[in-house]
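The values are calculated or read from the model by the stated rules, or taken from the named source; none is laboratory data. No experiment lies behind these values; they were computed from the predicted model shown. All Cβ positions, glycine included, derive from the backbone under ideal geometry; neighbour counts span all protein chains shown. Heads up: the accessible areas ignore ligands, DNA and RNA and are worked out on the full protein's heavy atoms, side chains in. Shrake-Rupley method; radii C 1.70, N 1.55, O 1.52, S 1.80 Å.
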Amino acid sequence: MRNVSLGKTGLSVSAIGLGCMGMSDFYGENADWGRRSETEAESLATIRQALSEGLNFIDTADVYGNGHNEQLVGRALREHMEAGGRREDAVVCTKFGNVRGDDGSWQGVNGSPDYVRMACERSLRSLGLDHIDLYYQHRVDPATPIEETVGAMAQLVQQGKVRFIGLSEAGVDTLRRACTVHPVAALQTEYSLWTRDPEQEHLRVCAELGITFVAYSPLGRGFLTGTIRDDDTLAFNDSRRLHPRFSSEAIEHNLQLVEAIESIAGAHGCTPAQCALAWLLAQSGNGGPDLRPTVLPIPGTKRRERLGENIGALSVSLSVEELERLSQAAPPGWAMGTRYPERSMQALNR
Ligand SMILES: NC(=O)c1ccc[n+]([C@@H]2O[C@H](COP(=O)([O-])OP(=O)(O)OC[C@H]3O[C@@H](n4cnc5c(N)ncnc54)[C@H](OP(=O)(O)O)[C@@H]3O)[C@@H](O)[C@H]2O)c1
(Lines give C-alpha, C1' and ligand atoms only; values in the text may rest on other atoms or scores of the structure.)
Protein backbone atom coordinates (compact mmCIF):
# COMPACT_ATOMS: atom_id res chain seq x y z
CA MET A 1 0.00 0.00 0.00
CA ARG A 2 1.27 3.46 -0.86
CA ASN A 3 1.33 5.72 2.20
CA VAL A 4 1.38 9.46 2.82
CA SER A 5 1.89 11.56 5.95
CA LEU A 6 -1.24 12.99 7.54
CA GLY A 7 -0.72 16.75 7.69
CA LYS A 8 2.26 17.55 9.92
CA THR A 9 1.41 14.77 12.37
CA GLY A 10 4.02 12.28 11.17
CA LEU A 11 1.28 9.62 11.10
CA SER A 12 1.50 7.38 8.05
CA VAL A 13 -1.85 6.78 6.37
CA SER A 14 -2.80 4.96 3.18
CA ALA A 15 -2.85 7.19 0.08
CA ILE A 16 -6.46 6.20 -0.51
CA GLY A 17 -9.11 5.72 2.17
CA LEU A 18 -12.43 3.94 2.58
CA GLY A 19 -15.64 5.94 2.97
CA CYS A 20 -18.14 3.95 5.04
CA MET A 21 -21.18 6.27 4.85
CA GLY A 22 -23.08 4.29 2.19
CA MET A 23 -22.85 1.14 4.36
CA SER A 24 -25.48 2.65 6.65
CA ASP A 25 -27.28 5.50 4.94
CA PHE A 26 -28.33 7.60 1.97
CA TYR A 27 -27.54 5.42 -1.06
CA GLY A 28 -29.19 2.38 -2.65
CA GLU A 29 -30.78 -0.17 -0.34
CA ASN A 30 -29.31 1.57 2.74
CA ALA A 31 -31.37 4.71 2.11
CA ASP A 32 -33.96 2.55 3.89
CA TRP A 33 -32.57 1.96 7.41
CA GLY A 34 -34.81 -1.10 7.74
CA ARG A 35 -32.80 -2.86 5.00
CA ARG A 36 -29.31 -2.27 6.41
CA SER A 37 -28.99 -5.83 7.68
CA GLU A 38 -29.07 -7.03 4.05
CA THR A 39 -25.72 -5.42 3.29
CA GLU A 40 -24.08 -5.60 6.72
CA ALA A 41 -22.05 -8.79 6.28
CA GLU A 42 -20.46 -7.55 3.03
CA SER A 43 -19.87 -4.10 4.55
CA LEU A 44 -18.03 -5.62 7.52
CA ALA A 45 -16.01 -7.83 5.18
CA THR A 46 -15.14 -4.76 3.08
CA ILE A 47 -13.74 -2.87 6.07
CA ARG A 48 -11.80 -5.93 7.23
CA GLN A 49 -10.37 -6.47 3.75
CA ALA A 50 -9.30 -2.82 3.61
CA LEU A 51 -7.43 -3.19 6.91
CA SER A 52 -5.79 -6.44 5.88
CA GLU A 53 -4.55 -4.83 2.66
CA GLY A 54 -3.02 -1.92 4.58
CA LEU A 55 -5.72 0.60 3.68
CA ASN A 56 -5.99 2.13 7.13
CA PHE A 57 -7.78 5.47 6.58
CA ILE A 58 -11.38 4.61 7.52
CA ASP A 59 -13.99 7.37 7.31
CA THR A 60 -17.26 7.50 9.24
CA ALA A 61 -19.39 10.07 11.14
CA ASP A 62 -21.83 10.05 14.03
CA VAL A 63 -24.74 11.03 11.75
CA TYR A 64 -24.29 8.20 9.23
CA GLY A 65 -27.26 6.04 10.15
CA ASN A 66 -27.41 7.81 13.55
CA GLY A 67 -24.57 5.81 15.11
CA HIS A 68 -25.04 2.66 12.99
CA ASN A 69 -22.00 3.42 10.85
CA GLU A 70 -19.67 4.06 13.79
CA GLN A 71 -20.89 0.82 15.39
CA LEU A 72 -20.17 -1.02 12.14
CA VAL A 73 -16.63 0.38 11.90
CA GLY A 74 -15.99 -0.52 15.57
CA ARG A 75 -17.28 -4.05 15.02
CA ALA A 76 -15.15 -4.57 11.90
CA LEU A 77 -12.07 -3.38 13.79
CA ARG A 78 -12.81 -5.76 16.69
CA GLU A 79 -13.23 -8.65 14.21
CA HIS A 80 -9.92 -7.61 12.60
CA MET A 81 -8.24 -7.73 16.02
CA GLU A 82 -9.82 -11.11 16.87
CA ALA A 83 -8.22 -12.40 13.66
CA GLY A 84 -4.79 -11.23 14.87
CA GLY A 85 -4.79 -7.62 13.64
CA ARG A 86 -3.92 -4.61 15.77
CA ARG A 87 -5.89 -1.49 16.81
CA GLU A 88 -3.15 0.60 15.17
CA ASP A 89 -3.90 -1.00 11.80
CA ALA A 90 -6.83 1.44 11.55
CA VAL A 91 -6.82 5.21 11.50
CA VAL A 92 -10.40 5.78 12.61
CA CYS A 93 -11.75 9.10 11.38
CA THR A 94 -15.14 10.30 12.55
CA LYS A 95 -17.07 13.57 12.68
CA PHE A 96 -19.48 15.55 14.86
CA GLY A 97 -21.58 18.66 14.41
CA ASN A 98 -24.49 17.72 12.16
CA VAL A 99 -27.43 17.13 14.45
CA ARG A 100 -30.17 14.61 13.64
CA GLY A 101 -33.28 13.54 15.50
CA ASP A 102 -33.96 9.89 16.37
CA ASP A 103 -36.05 9.62 13.19
CA GLY A 104 -33.13 10.88 11.08
CA SER A 105 -34.52 14.40 10.59
CA TRP A 106 -31.94 17.18 10.20
CA GLN A 107 -31.83 19.57 13.13
CA GLY A 108 -28.97 21.89 12.25
CA VAL A 109 -25.32 22.25 13.19
CA ASN A 110 -23.81 22.49 16.66
CA GLY A 111 -20.19 23.35 17.42
CA SER A 112 -20.58 24.53 21.00
CA PRO A 113 -17.93 23.19 23.42
CA ASP A 114 -20.51 21.27 25.51
CA TYR A 115 -21.83 19.60 22.36
CA VAL A 116 -18.30 18.71 21.17
CA ARG A 117 -17.60 16.94 24.49
CA MET A 118 -20.95 15.12 24.49
CA ALA A 119 -20.61 14.06 20.84
CA CYS A 120 -17.10 12.68 21.41
CA GLU A 121 -18.26 10.51 24.34
CA ARG A 122 -21.14 9.23 22.22
CA SER A 123 -18.87 8.40 19.26
CA LEU A 124 -16.38 6.60 21.51
CA ARG A 125 -19.26 4.50 22.86
CA SER A 126 -20.60 3.73 19.36
CA LEU A 127 -17.15 2.81 18.08
CA GLY A 128 -16.30 0.85 21.24
CA LEU A 129 -12.89 2.54 21.33
CA ASP A 130 -10.96 4.57 23.89
CA HIS A 131 -9.72 7.09 21.32
CA ILE A 132 -10.52 8.49 17.88
CA ASP A 133 -7.56 8.94 15.56
CA LEU A 134 -8.90 11.89 13.54
CA TYR A 135 -11.89 13.89 14.78
CA TYR A 136 -13.48 16.31 12.34
CA GLN A 137 -16.03 19.04 12.76
CA HIS A 138 -18.51 17.95 10.06
CA ARG A 139 -19.93 21.43 9.36
CA VAL A 140 -18.84 24.78 10.76
CA ASP A 141 -21.39 26.20 13.21
CA PRO A 142 -22.04 29.85 12.31
CA ALA A 143 -23.31 30.47 15.86
CA THR A 144 -20.08 29.37 17.59
CA PRO A 145 -16.71 31.03 16.91
CA ILE A 146 -14.39 28.42 15.41
CA GLU A 147 -11.83 29.19 18.13
CA GLU A 148 -14.28 27.89 20.75
CA THR A 149 -15.09 24.70 18.83
CA VAL A 150 -11.43 23.97 18.11
CA GLY A 151 -10.53 24.84 21.70
CA ALA A 152 -12.90 22.08 22.87
CA MET A 153 -11.43 19.68 20.28
CA ALA A 154 -7.91 20.53 21.51
CA GLN A 155 -8.97 19.62 25.06
CA LEU A 156 -10.06 16.20 23.78
CA VAL A 157 -6.55 15.77 22.36
CA GLN A 158 -5.02 16.73 25.74
CA GLN A 159 -7.29 14.16 27.43
CA GLY A 160 -6.12 11.42 25.03
CA LYS A 161 -9.61 10.88 23.60
CA VAL A 162 -8.62 12.20 20.17
CA ARG A 163 -5.21 12.10 18.47
CA PHE A 164 -5.62 14.64 15.66
CA ILE A 165 -8.28 17.08 14.54
CA GLY A 166 -9.78 18.10 11.20
CA LEU A 167 -12.50 20.26 9.70
CA SER A 168 -14.95 19.47 6.91
CA GLU A 169 -16.27 21.96 4.35
CA ALA A 170 -14.59 24.87 6.16
CA GLY A 171 -13.73 28.08 4.31
CA VAL A 172 -10.09 29.14 4.16
CA ASP A 173 -10.48 31.96 6.69
CA THR A 174 -12.03 29.53 9.17
CA LEU A 175 -9.18 27.12 8.50
CA ARG A 176 -6.57 29.80 9.23
CA ARG A 177 -8.32 30.83 12.45
CA ALA A 178 -8.63 27.20 13.56
CA CYS A 179 -4.88 26.68 13.10
CA THR A 180 -4.11 29.51 15.53
CA VAL A 181 -5.76 27.42 18.29
CA HIS A 182 -4.54 23.90 17.44
CA PRO A 183 -2.84 22.25 14.43
CA VAL A 184 -5.39 21.01 11.90
CA ALA A 185 -4.27 17.74 10.30
CA ALA A 186 -6.88 17.46 7.55
CA LEU A 187 -9.56 19.34 5.67
CA GLN A 188 -12.27 17.08 4.25
CA THR A 189 -14.21 18.62 1.38
CA GLU A 190 -15.90 17.38 -1.79
CA TYR A 191 -13.46 17.19 -4.71
CA SER A 192 -13.71 15.25 -7.95
CA LEU A 193 -13.76 15.73 -11.69
CA TRP A 194 -17.21 17.32 -11.45
CA THR A 195 -16.57 19.30 -8.24
CA ARG A 196 -13.49 21.40 -8.84
CA ASP A 197 -14.29 24.17 -6.32
CA PRO A 198 -11.28 23.46 -4.02
CA GLU A 199 -8.93 24.42 -6.86
CA GLN A 200 -9.85 28.09 -6.34
CA GLU A 201 -8.10 28.46 -2.97
CA HIS A 202 -8.53 25.51 -0.60
CA LEU A 203 -5.77 23.39 -2.13
CA ARG A 204 -3.27 26.25 -2.01
CA VAL A 205 -4.11 27.14 1.60
CA CYS A 206 -3.91 23.49 2.70
CA ALA A 207 -0.47 23.21 1.11
CA GLU A 208 0.65 26.42 2.81
CA LEU A 209 -0.59 25.28 6.24
CA GLY A 210 0.61 21.67 5.90
CA ILE A 211 -2.91 20.24 5.96
CA THR A 212 -3.87 17.04 4.11
CA PHE A 213 -6.80 17.59 1.73
CA VAL A 214 -9.20 14.65 2.09
CA ALA A 215 -11.38 14.45 -1.03
CA TYR A 216 -14.85 13.11 -0.27
CA SER A 217 -17.34 11.83 -2.86
CA PRO A 218 -14.34 11.37 -5.22
CA LEU A 219 -16.47 9.25 -7.56
CA GLY A 220 -19.17 11.92 -7.72
CA ARG A 221 -21.39 9.79 -5.44
CA GLY A 222 -21.03 6.97 -7.96
CA PHE A 223 -21.94 9.04 -11.04
CA LEU A 224 -18.40 9.22 -12.46
CA THR A 225 -18.17 5.41 -12.57
CA GLY A 226 -20.73 5.27 -15.39
CA THR A 227 -23.15 3.08 -13.41
CA ILE A 228 -25.83 5.80 -13.14
CA ARG A 229 -27.15 6.68 -16.62
CA ASP A 230 -30.58 8.06 -15.60
CA ASP A 231 -32.49 8.83 -12.42
CA ASP A 232 -34.44 5.58 -12.74
CA THR A 233 -31.18 3.84 -11.71
CA LEU A 234 -31.68 5.30 -8.21
CA ALA A 235 -34.10 3.82 -5.64
CA PHE A 236 -37.12 6.03 -4.96
CA ASN A 237 -35.75 7.08 -1.55
CA ASP A 238 -32.07 7.33 -2.54
CA SER A 239 -30.86 10.70 -1.21
CA ARG A 240 -29.13 11.50 -4.52
CA ARG A 241 -32.58 12.09 -6.01
CA LEU A 242 -32.66 15.30 -3.93
CA HIS A 243 -29.36 16.53 -5.38
CA PRO A 244 -29.80 18.91 -8.34
CA ARG A 245 -26.89 17.16 -10.11
CA PHE A 246 -28.98 14.02 -10.29
CA SER A 247 -32.08 15.57 -11.88
CA SER A 248 -32.83 13.93 -15.22
CA GLU A 249 -31.84 17.09 -17.13
CA ALA A 250 -28.56 17.42 -15.19
CA ILE A 251 -27.74 13.74 -15.63
CA GLU A 252 -28.14 14.07 -19.39
CA HIS A 253 -25.70 17.02 -19.48
CA ASN A 254 -23.24 15.57 -16.94
CA LEU A 255 -23.03 12.26 -18.81
CA GLN A 256 -20.76 14.00 -21.33
CA LEU A 257 -18.08 13.95 -18.63
CA VAL A 258 -18.71 10.27 -17.92
CA GLU A 259 -18.29 9.52 -21.63
CA ALA A 260 -14.94 11.35 -21.65
CA ILE A 261 -13.82 9.37 -18.59
CA GLU A 262 -14.97 6.09 -20.18
CA SER A 263 -13.11 6.86 -23.38
CA ILE A 264 -9.81 7.67 -21.62
CA ALA A 265 -10.21 4.73 -19.23
CA GLY A 266 -10.88 2.36 -22.14
CA ALA A 267 -7.79 3.51 -24.04
CA HIS A 268 -5.64 3.37 -20.91
CA GLY A 269 -6.89 -0.07 -19.85
CA CYS A 270 -8.44 0.85 -16.52
CA THR A 271 -12.02 1.25 -15.30
CA PRO A 272 -13.83 4.62 -15.20
CA ALA A 273 -13.74 4.58 -11.37
CA GLN A 274 -9.96 4.02 -11.43
CA CYS A 275 -9.55 6.77 -14.03
CA ALA A 276 -11.50 9.30 -11.92
CA LEU A 277 -9.49 8.38 -8.81
CA ALA A 278 -6.16 8.42 -10.66
CA TRP A 279 -6.92 11.97 -11.85
CA LEU A 280 -7.53 13.05 -8.23
CA LEU A 281 -4.39 11.29 -6.98
CA ALA A 282 -2.44 13.13 -9.67
CA GLN A 283 -3.57 16.47 -8.19
CA SER A 284 -1.61 15.58 -5.06
CA GLY A 285 1.65 17.40 -4.34
CA ASN A 286 4.04 17.63 -1.46
CA GLY A 287 3.15 21.12 -0.37
CA GLY A 288 6.37 22.21 -2.10
CA PRO A 289 6.88 25.14 -4.46
CA ASP A 290 3.88 24.09 -6.56
CA LEU A 291 1.76 24.68 -3.47
CA ARG A 292 -0.27 21.52 -3.85
CA PRO A 293 -1.20 19.57 -0.71
CA THR A 294 -1.49 15.84 -0.36
CA VAL A 295 -4.88 14.95 -1.86
CA LEU A 296 -6.26 11.80 -0.25
CA PRO A 297 -9.46 10.42 -1.85
CA ILE A 298 -11.86 8.36 0.28
CA PRO A 299 -14.10 6.50 -2.21
CA GLY A 300 -17.10 4.88 -0.59
CA THR A 301 -18.13 1.30 -1.23
CA LYS A 302 -19.75 -1.52 0.69
CA ARG A 303 -18.43 -4.21 -1.66
CA ARG A 304 -15.04 -5.95 -1.53
CA GLU A 305 -14.86 -6.21 -5.31
CA ARG A 306 -15.15 -2.45 -5.75
CA LEU A 307 -12.75 -1.83 -2.88
CA GLY A 308 -10.15 -3.83 -4.80
CA GLU A 309 -10.93 -1.94 -7.98
CA ASN A 310 -10.60 1.42 -6.22
CA ILE A 311 -7.29 0.49 -4.56
CA GLY A 312 -6.14 -0.45 -8.08
CA ALA A 313 -6.29 3.26 -8.96
CA LEU A 314 -3.00 3.68 -7.07
CA SER A 315 -1.32 1.69 -9.85
CA VAL A 316 -2.87 3.70 -12.69
CA SER A 317 -0.49 6.32 -14.00
CA LEU A 318 -2.26 8.58 -16.49
CA SER A 319 -0.12 10.50 -18.97
CA VAL A 320 0.12 14.30 -18.85
CA GLU A 321 -2.03 14.39 -21.97
CA GLU A 322 -4.70 12.11 -20.48
CA LEU A 323 -4.78 14.18 -17.30
CA GLU A 324 -5.18 17.35 -19.33
CA ARG A 325 -7.99 15.87 -21.42
CA LEU A 326 -9.82 14.90 -18.23
CA SER A 327 -9.32 18.36 -16.70
CA GLN A 328 -10.61 19.97 -19.88
CA ALA A 329 -13.62 17.64 -20.14
CA ALA A 330 -15.31 19.43 -17.26
CA PRO A 331 -13.61 22.68 -16.28
CA PRO A 332 -14.57 24.20 -12.90
CA GLY A 333 -18.23 25.20 -12.93
CA TRP A 334 -19.10 23.01 -15.93
CA ALA A 335 -21.28 20.44 -14.14
CA MET A 336 -25.02 21.09 -14.24
CA GLY A 337 -26.80 21.37 -10.89
CA THR A 338 -25.49 22.29 -7.46
CA ARG A 339 -23.76 19.52 -5.54
CA TYR A 340 -26.28 19.64 -2.66
CA PRO A 341 -29.91 20.69 -2.28
CA GLU A 342 -30.29 24.37 -1.35
CA ARG A 343 -30.55 23.90 2.44
CA SER A 344 -27.37 21.83 2.55
CA MET A 345 -25.59 24.32 0.26
CA GLN A 346 -26.26 26.96 2.90
CA ALA A 347 -24.53 24.84 5.56
CA LEU A 348 -21.23 25.03 3.63
CA ASN A 349 -18.76 27.51 5.11
CA ARG A 350 -17.33 29.59 2.28
N1 LIG B 1 -17.57 15.37 4.98
C2 LIG B 1 -18.72 15.27 4.35
O3 LIG B 1 -19.59 16.13 4.45
C4 LIG B 1 -18.98 14.05 3.50
C5 LIG B 1 -20.04 14.06 2.59
C6 LIG B 1 -20.22 12.91 1.80
C7 LIG B 1 -19.37 11.82 1.93
N8 LIG B 1 -18.36 11.85 2.84
C9 LIG B 1 -17.44 10.70 3.02
O10 LIG B 1 -16.84 10.40 1.77
C11 LIG B 1 -17.04 9.02 1.45
C12 LIG B 1 -17.13 8.83 -0.06
O13 LIG B 1 -18.13 9.65 -0.61
P14 LIG B 1 -19.50 9.07 -1.22
O15 LIG B 1 -19.74 7.73 -0.67
O16 LIG B 1 -20.50 10.15 -1.02
O17 LIG B 1 -19.27 9.04 -2.78
P18 LIG B 1 -18.25 8.33 -3.78
O19 LIG B 1 -17.14 7.70 -3.05
O20 LIG B 1 -17.95 9.35 -4.79
O21 LIG B 1 -19.18 7.22 -4.46
C22 LIG B 1 -19.77 6.19 -3.72
C23 LIG B 1 -20.77 5.48 -4.61
O24 LIG B 1 -20.09 4.91 -5.72
C25 LIG B 1 -20.29 3.49 -5.75
N26 LIG B 1 -18.98 2.92 -6.10
C27 LIG B 1 -17.86 2.89 -5.36
N28 LIG B 1 -16.84 2.33 -6.03
C29 LIG B 1 -17.33 2.00 -7.24
C30 LIG B 1 -16.77 1.40 -8.39
N31 LIG B 1 -15.49 1.02 -8.41
N32 LIG B 1 -17.57 1.21 -9.47
C33 LIG B 1 -18.88 1.57 -9.46
N34 LIG B 1 -19.45 2.17 -8.40
C35 LIG B 1 -18.70 2.38 -7.30
C36 LIG B 1 -20.78 3.11 -4.37
O37 LIG B 1 -21.69 2.04 -4.43
P38 LIG B 1 -21.47 0.69 -3.57
O39 LIG B 1 -21.34 1.08 -2.13
O40 LIG B 1 -22.72 -0.07 -3.83
O41 LIG B 1 -20.25 0.05 -4.13
C42 LIG B 1 -21.51 4.38 -3.92
O43 LIG B 1 -22.84 4.38 -4.37
C44 LIG B 1 -18.34 8.66 2.21
O45 LIG B 1 -18.46 7.26 2.37
C46 LIG B 1 -18.15 9.42 3.49
O47 LIG B 1 -17.34 8.68 4.38
C48 LIG B 1 -18.15 12.95 3.61
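Of the set (1) among the basic types (Lys, Arg); (2) open to solvent by 50 Å² or more (accessible area, probe 1.4 Å); (3) touching a Ser or Thr at 6+ places or on another chain (Cβ under 8 Å), all apply to Arg35 but (3). Contact annotation: residue pairs with Cβ atoms under 8 Å, 6 or more positions apart or on different chains, pairing a residue in region 238-257 that is crowded, with 17+ Cβ neighbours inside 10 Å and at pLDDT 95 or above with a partner that is part of a helix (DSSP H, G or I) and polar (S, T, N, Q), are Arg245/Asn254. The sole residue among Arg306, Arg292 that is open to solvent by 60 Å² or more (accessible area, probe 1.4 Å), touching a helix residue (DSSP H, G or I) at 6+ places or on another chain (Cβ under 8 Å) and within 30 Å of Gln49 (Cα to Cα) is Arg306.
Take Arg343 and tell me if it is touching a strand residue (DSSP E or B) at 6+ places or on another chain (Cβ under 6 Å) and at pLDDT below 95. The answer is no for Arg343. Screening region 20-32 for residues that are open to solvent by 10 Å² or more (accessible area, probe 1.4 Å) and within 13 Å of the ligand (Cβ to nearest atom) and picking the one that is nearest to Val214 (Cα to Cα) gives Met21.
Considering the conditions (1) under 22 Å from the mean Cα position of the chain (by Cα); (2) surrounded by 17 or more Cβ atoms within 10 Å (Cβ to Cβ); (3) within 15 Å of the ligand (Cβ to nearest atom), Asp197 is excluded by exactly one of them, (2). Taking region 309-350 as the range and being surrounded by 18 or more Cβ atoms within 10 Å (Cβ to Cβ) and polar (S, T, N, Q) as the test, the residues that pass are Asn310, Asn349. The test for being at pLDDT 95 or above, open to solvent by 30 Å² or more (accessible area, probe 1.4 Å) and not in a loop (DSSP other than H, G, I, E, B) holds for Arg122. Against the criterion of being at negative phi and open to solvent by 10 Å² or more (accessible area, probe 1.4 Å), Asp173 qualifies. Might you check whether a residue that is open to solvent by 10 Å² or more (accessible area, probe 1.4 Å), in a strand (DSSP E or B), closer than 30 Å to Arg2 by Cβ and within 13 Å of the ligand (Cβ to nearest atom) occurs anywhere in region 223-231? Checked against the condition, which is being open to solvent by 10 Å² or more (accessible area, probe 1.4 Å), in a strand (DSSP E or B), closer than 30 Å to Arg2 by Cβ and within 13 Å of the ligand (Cβ to nearest atom), region 223-231 yields no hits at all.
The set of residues from region 320-342 being without any contact (Cβ under 8 Å) to a residue 12 or more places away in the chain and touching a helix residue (DSSP H, G or I) at 6+ places or on another chain (Cβ under 8 Å) is empty.
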